[in-house]
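Asks: Dumping the structure here so I can ask a few things about it.
The values are calculated or read from the model by the stated rules, or taken from the named source; none is laboratory data. Quick caveat: nothing in here was measured; it's all calculated off a predicted structure. Cβ: placed from backbone, ideal geometry, glycine included. Neighbour counts: every protein chain shown.
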Amino acid sequence: NAGVTQTPKFRILKIGQSMTLQCTQDMNHNYMYWYRQDPGMGLKLIYYSVGAGITDKGEVPNGYNVSRSTTEDFPLRLELAAPSQTSVYFCASSYLAGVETQYFGPGTRLLVL
Amino acid sequence: AQSVTQLDSQVPVFEEAPVELRCNYSSSVSVYLFWYVQYPNQGLQLLLKYLSGSTLVESINGFEAEFNKSQTSFHLRKPSVHISDTAEYFCAVSLLSGGYNKLIFGAGTRLAVHP
């Protein structure tokens, strides 16, 4: 049981480039989330999804896009990378809303130069 | 709006000493509270959570946290820490909005256990 997997682990982008961060979970969870983690700031929610075909914005969605075509996958797209998007990105999933534990992937470290 | 404040950004402690990591939250409604731990170069994993019932909750590795409604706190404690407890600890509040589980995280407390 792999849980939540993320690729790539590390990436360097130039300003203006685009990329997709991949996230897959094999726990048949309905809910999936993307967070970014900046030093001393905790985690901020970028986007979340409550099921295939349904996504919504979190606290810091600007500069990102998501899609959810299957239960398992929840990719995060950066269209025009900016230095402010240098961060560590975590994908998470949970079975239900409310009291359920969120399970996190190992993270993707992104550096935009 | 809900928010979570972790009062210490870093806590150095010697091995086998007790430790307390402080967390306060602001909320006008009932909350669910969590502590997550992040070991170096890993994702977050749940340490313990308070949903209802007994205000004292425990983890399998000796941590405990007490929900104090009057002080709006959920401090994490361990009577004797190990080197392996070195990690970053995040307090979080579950915000129910439209039936969706949104976690509001504190900024984190970095626990450094020294021999």
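Asks: Can you find even one residue in the range A:70-86 that is more than 10 Å from the chain's Cα centre (by Cα), within 14 Å of another protein chain (Cβ to nearest Cβ) and buried (at least 17 other Cβ atoms within 10 Å of the Cβ)?
Replies: Step one: of the range A:70-86, the residues more than 10 Å from the chain's Cα centre (by Cα) are A:70-73, A:78-86.
Subset that is within 14 Å of another protein chain (Cβ to nearest Cβ): none.
No; the residues of the range A:70-86 include none that is more than 10 Å from the chain's Cα centre (by Cα), within 14 Å of another protein chain (Cβ to nearest Cβ) and buried (at least 17 other Cβ atoms within 10 Å of the Cβ).
Asks: Can you list the strands (runs of 3 or more DSSP E) lying wholly within the range B:43-108 that have 1 or more residues being surrounded by fewer than 18 Cβ atoms within 10 Å (Cβ to Cβ) and among the basic types (Lys, Arg)?
Replies: Where strands (runs of 3 or more DSSP E) fall fully within the range B:43-108 and carry at least 1 residues being surrounded by fewer than 18 Cβ atoms within 10 Å (Cβ to Cβ) and among the basic types (Lys, Arg), they are B:73-78.
Asks: What number of residues in the range B:21-38 are surrounded by 12 or more Cβ atoms within 10 Å (Cβ to Cβ) and either more than 14 Å from the chain's Cα centre (by Cα) or not aromatic (Phe, Trp, Tyr) (or both)? Outline the logic, then answer.
Replies: We begin by selecting, within the range B:21-38, every residue surrounded by 12 or more Cβ atoms within 10 Å (Cβ to Cβ); these are B:21-27, B:31-38.
Then drop every residue that is not either more than 14 Å from the chain's Cα centre (by Cα) or not aromatic (Phe, Trp, Tyr) (or both), which leaves B:21-24, B:26-27, B:31, B:33, B:37-38.
Selection size over the range B:21-38: 10.
Asks: Another question, if that's okay. Of the conditions (1) within 14 Å of chain A (Cβ to nearest Cβ); (2) assigned to a strand (DSSP E or B), B:Leu111 clears all except one; give me its number.
Replies: Tallying (1) within 14 Å of chain A (Cβ to nearest Cβ); (2) assigned to a strand (DSSP E or B), B:Leu111 fails exactly one: (1).
Asks: Checking the condition at pLDDT below 85 and either within 24 Å of A:Ser94 (Cα to Cα) or touching a Lys or Arg at 6+ places or on another chain (Cβ under 9 Å) (or both), which residue from B:Ser59, B:Ser52 passes? Before the answer, list the steps.
Replies: Working: B:Ser59 fails: at pLDDT below 85.
Only one candidate qualifies: B:Ser52.
Asks: While we're looking at this one, here's another question. Looking only at the range B:1-42, how many residues end up being under 25 Å from A:Arg109 (Cα atoms), assigned to a strand (DSSP E or B) and among the polar types (S, T, N, Q)?
Replies: The number of residues fulfilling the criteria is 3.
Asks: State all residues of the range A:37-54 that are surrounded by 18 or more Cβ atoms within 10 Å (Cβ to Cβ) and away from every other protein chain (no Cβ under 11 Å); if no residue qualifies, say none.
Replies: Of everything in the range A:37-54, those that are surrounded by 18 or more Cβ atoms within 10 Å (Cβ to Cβ) and away from every other protein chain (no Cβ under 11 Å) turn out to be A:Ile46, A:Tyr47.
Asks: Could you please let me know if A:Leu43 is at pLDDT below 95 and not in a loop (DSSP other than H, G, I, E, B)?
Replies: yes
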